Amino acid sequence: DLAKSRAMLTLVKSLEDDNFRVILQPRAGLDYFKPDLEEAKIQLAAVTALMDDIDPHDETSPPIIHVVSYSEASHLATPDIINESIKITQYSLQKYRQLRRDDKIEDMSRRQDVRERMLELIDAAKTVISGIESSVTDPYSAQGLYTIFASGFLPVPYLWGEVDEFIYAKFWRTKPVKGGIKIVDENDRPVTYHKVVDYAKGNIKEIEGRIPSFL
């Protein structure tokens, strides 16, 4: 998660200029919390620490935290639960930063494995983006997005709906590998993103010939 978040920020921040600014707003996923409320409170504190590890040496990061109430797996939050969730988040963030300053927790900015995974994700994303921009006509239009997805540039092996229409998007399989998700072939061997791009490019002509008329 840290590698993915850092890679995403690196890529998107490269687009910043005087008229465009990126503001990080992390949040816990709704399906992250357990229905046991005491356990969920602990989870809320833990995910707050993870959010701070995205950019651990910037006291202003994350600039915004979307607080998900700890009761979400059990029932809708009440005003009291929302207030308590905010307090847990604020205290956890302050305490975690103090522990880091006192060298009582690991400095996640020094983890070489996280950095290597981040660079790998950035390289993969740039490969896909380059492949899209060099081969898809008007990629940032509705028609372009349809072509990108339907051709298979962005693999979604677990897509449930419209599977016949998006058969190329479902072509590849995925598998957990050392904490990350890798695209693999029929023999469970990791596939390079150059191969994914080449496969998708081979489908573009067919897809462009059947783009829905409403796009």
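Read-outs: derived from the displayed coordinates by stated rules, not from any lab. Here the structure is a predicted model, which is why all the values come from computation and not from measurement. So basically every Cβ, Gly included, is an ideal-geometry build from the backbone, and we count neighbours across all protein chains shown.
Averaging 1/r over each pair of different alpha-carbon atoms in the range 2-109 and inverting the result gives 15.0 Å, the Kirkwood hydrodynamic radius. If you average the alpha carbon positions of the range 13-90 and of the range 152-168, how far apart do those two centres end up, in angstrom? Using only Cα atoms, the two centres lie 31 Å from each other.
Sorted from greatest to least, the principal axis extents spanned by the alpha carbons of the range 112-208 come out as 42, 26, 19 Å. Taking the Cα centre of the chain as origin and assigning +1 to Lys and Arg Cβ atoms and -1 to Asp and Glu Cβ atoms, the resulting dipole is close to 400 debye.
When the chain is modelled as a GNM with alpha-carbon springs shorter than 10 Å, which of ASN83, ASN187, ASN203 fluctuates the most? Top of the fluctuation ranking is ASN187. The rule of thumb for compact globular proteins, 2.2 N^0.38 Å, goes into the C-alpha radius of gyration of the chain 1.22 times.
Using the alpha carbons alone, the radius of gyration of the range 79-141 stands to its Kirkwood radius in an Rg to Rh ratio of 1.29. Highest GNM mean-square fluctuation among SER74, SER151, SER109, for the chain modelled with Cα contacts below 10 Å: SER74.
Go through the range 89-142 and name the trypsin sites (Lys or Arg not before Pro) that are in a DSSP coil and have 15 or fewer other Cβ atoms within 10 Å of their Cβ. Listed in order of number, the matching sites are LYS104, ARG111. For the range 2-109, lysine pairs with C-alpha atoms less than 24 angstrom apart, excluding pairs fewer than eight positions apart on the same chain, total 10.
The charge dipole of the range 2-109, taken about its Cα centre with unit charges on the Cβ atoms of Lys, Arg (+1), Asp and Glu (-1) only, comes to about 0 debye.
Taken about its Cα centre, the range 112-208 carries a charge dipole of roughly 380 debye when the Cβ of each Lys and Arg holds +1 and the Cβ of each Asp and Glu holds -1. From least to most packed, judged by other beta carbons within 10 angstrom and beginning with the fewest, TYR158, TYR32, TYR91 follow the order TYR158, TYR91, TYR32.
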